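Asker: Next up is a structure, given as structure tokens.
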Amino acid sequence: MTLAAVRDDEVHVRVPAKINLALCIGGRRADGYHELATIFQAVSLYDDVSASPCPDGLITCQVIGAESHKIGPKDDNLAYRAARLLKSEYGISEGVHLTIDKRIPVAGGMAGGSADAAGALLACARYWELRLSLDDLMTLGARLGADVPFPLMGGCAIGLGRGETLTPTLSRGIYHWVLAFAKRELPTPDVFRRFDLLTTDTRPEAPQVPRDLMMALTTGDITRVGHLLVNNLTEAACALAPELRATLRTGREAGCLGAIISGSGPTVAFLADGDRAATDLAVTLSSLGIAREIRLATGPVPGASILKD
Ligand code: C5P
């Protein structure tokens, strides 16, 4: 894919969150990251990232929306760093103002910060009229974080290495998710650190995604996928946020095909048996008050895309 060289005064990009259907973790590598094998699915929960003019060659970044109050100073913001990387890499003198409309939970295990970086790469590439392919953007994204390439690609993919080496994978059917946003945040490095303490002897050298889960995914056996969802970070996340055990149990008792902590948590994702079942489960979980917010989403959905005005 080559981005058309069309000059817009403002470029709007919509970028999806992800759920890991499998998250299998190996040992810690020399670079401090963990070797992992994961299956990503992009879901219909989005942040919007816009690029617009900014004077004096500056990059500025404003975060709005439901989750905006939880975002730190701009230099911590991965979207800001994405724009800075693109600007220096291609010798751009012009500035850009980024606006992020944030709905993906912050530090929620759904790669919201990475989605914003992915959105910023696409929006700025278009805004600065750079003719970059999807592969170019994904390569730049991998330099910013392991989870940045996937929101550009979207759909369903196997991730190896730190999670950034992606292979798109066939997935049949529509997945209906009920997402329970937790009342607290859970920083990813803390969860990996706890994982290390809990699993000294049990980490595989080369983790692999389960074959039976891959088979269920490609044949569209969503019920079986629900049974086979796996996340090696579950114990670590629950050790840091013990209330997640009750959240998982409550959803399972209320009726779902499977329940999983999303990534490093603390968002919990429940796979429902269709649209109607998802709505029923969402109503039940809302009434029980087990989460800060309950949201519905479907997957897989396409990766970051430019919105037409
Ligand atoms: O990729 P990103 O920088 O967002 O990851 C955040 C942190 O999560 C890393 O600094 C590391 O502590 C942990 N991590 C890891 N192994 C991975 C991915 C993330 O240890 N494969």
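Asker: Filter the range 283-308 for residues that are free of Cβ contacts under 8 Å to residues at least 12 places away in the same chain and out of contact with any strand residue (DSSP E or B) (no Cβ under 9 Å at 6 or more places or on another chain) and give the result. Before the answer, list the steps.
Answerer: Here is the first cut: in the range 283-308, the residues free of Cβ contacts under 8 Å to residues at least 12 places away in the same chain are 283, 286-287, 289, 308.
Those that are free of Cβ contacts under 8 Å to residues at least 12 places away in the same chain and out of contact with any strand residue (DSSP E or B) (no Cβ under 9 Å at 6 or more places or on another chain): Ser287, Gly289.
Quick grid of which residues meet (1) among the basic types (Lys, Arg); (2) within 16 Å of the ligand (Cβ to nearest atom); (3) in contact with a His (Cβ under 6 Å, 6 or more places away or on another chain); (4) under 15 Å from Val15 (Cβ atoms):
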{"residue": "Ala42", "(1), (2), (3), (4)": "no, no, no, yes"}
{"residue": "Ser52", "(1), (2), (3), (4)": "no, no, yes, no"}
{"residue": "Ser68", "(1), (2), (3), (4)": "no, no, no, no"}
{"residue": "Arg81", "(1), (2), (3), (4)": "yes, yes, no, no"}
{"residue": "Ile92", "(1), (2), (3), (4)": "no, no, no, no"}
{"residue": "Gly95", "(1), (2), (3), (4)": "no, no, no, no"}
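To keep it simple, each residue is scored yes or no on (1) without any contact (Cβ under 8 Å) to a residue 40 or more places away in the chain; (2) under 23 Å from Thr188 (Cα atoms).
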residue: Ala237; (1), (2): no, yes
residue: Leu248; (1), (2): yes, yes
residue: Gly251; (1), (2): no, no
residue: Ala254; (1), (2): yes, no
residue: Ala259; (1), (2): yes, yes
residue: Gly263; (1), (2): no, yes
residue: Thr267; (1), (2): no, yes
residue: Gly274; (1), (2): no, no
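Asker: Determine whether the range 192-203 contains at least one residue that is more than 16 Å from Cys24 (Cα to Cα), away from the ligand (no atom under 15 Å from the Cβ) and more than 22 Å from the chain's Cα centre (by Cα).
Answerer: Taking every residue of the range 192-203 in turn, none turns out to be more than 16 Å from Cys24 (Cα to Cα), away from the ligand (no atom under 15 Å from the Cβ) and more than 22 Å from the chain's Cα centre (by Cα).
Asker: Within the range 5-40, can you find the residues that are over 16 Å from the mean Cα position of the chain (by Cα), small (Gly, Ala, Ser) and either within 16 Å of the ligand (Cβ to nearest atom) or assigned to a strand (DSSP E or B) (or both)?
Answerer: Gly26, Gly27, Ala30, Gly32
Asker: Out of all the residues in the range 151-160, which are within 11 Å of the ligand (Cβ to nearest atom) and in contact with a helix residue (DSSP H, G or I) (Cβ under 9 Å, 6 or more places away or on another chain)?
Answerer: Across the range 151-160, the qualifying residue is only Gly159.
Asker: Considering only residues that are surrounded by 19 or more Cβ atoms within 10 Å (Cβ to Cβ) and in a loop (DSSP other than H, G, I, E, B), which ones fall in the range 207-238?
Answerer: Pro207, Val209, Leu229, Asn232, Leu233
Asker: For Cys61, are the conditions met, namely being within 30 Å of Ser93 (Cα to Cα), among the hydrophobic types (A, V, I, L, M, F, W, C) and surrounded by 14 or more Cβ atoms within 10 Å (Cβ to Cβ)? Break it down stepwise before answering.
Answerer: Numbers: within 30 Å of Ser93 (Cα to Cα): yes; among the hydrophobic types (A, V, I, L, M, F, W, C): yes; surrounded by 14 or more Cβ atoms within 10 Å (Cβ to Cβ): yes.
So Cys61 fits the description; yes.
Asker: Only one of Gly112, Gly119, Gly163 is over 16 Å from Ser50 (Cα atoms) and either more than 16 Å from the ligand (Cβ to nearest atom) or among the small types (Gly, Ala, Ser) (or both). Can you tell me which?
Answerer: After ruling out the rest, the residue left standing is Gly163.
Rule-based calculations on the coordinates, nothing more; no lab input. A quick note: this is a predicted structure, and the numbers were derived from the prediction, not measured. Using ideal geometry, Cβ is built from the backbone for each residue, glycine included, and neighbour counts are taken over all protein chains shown.
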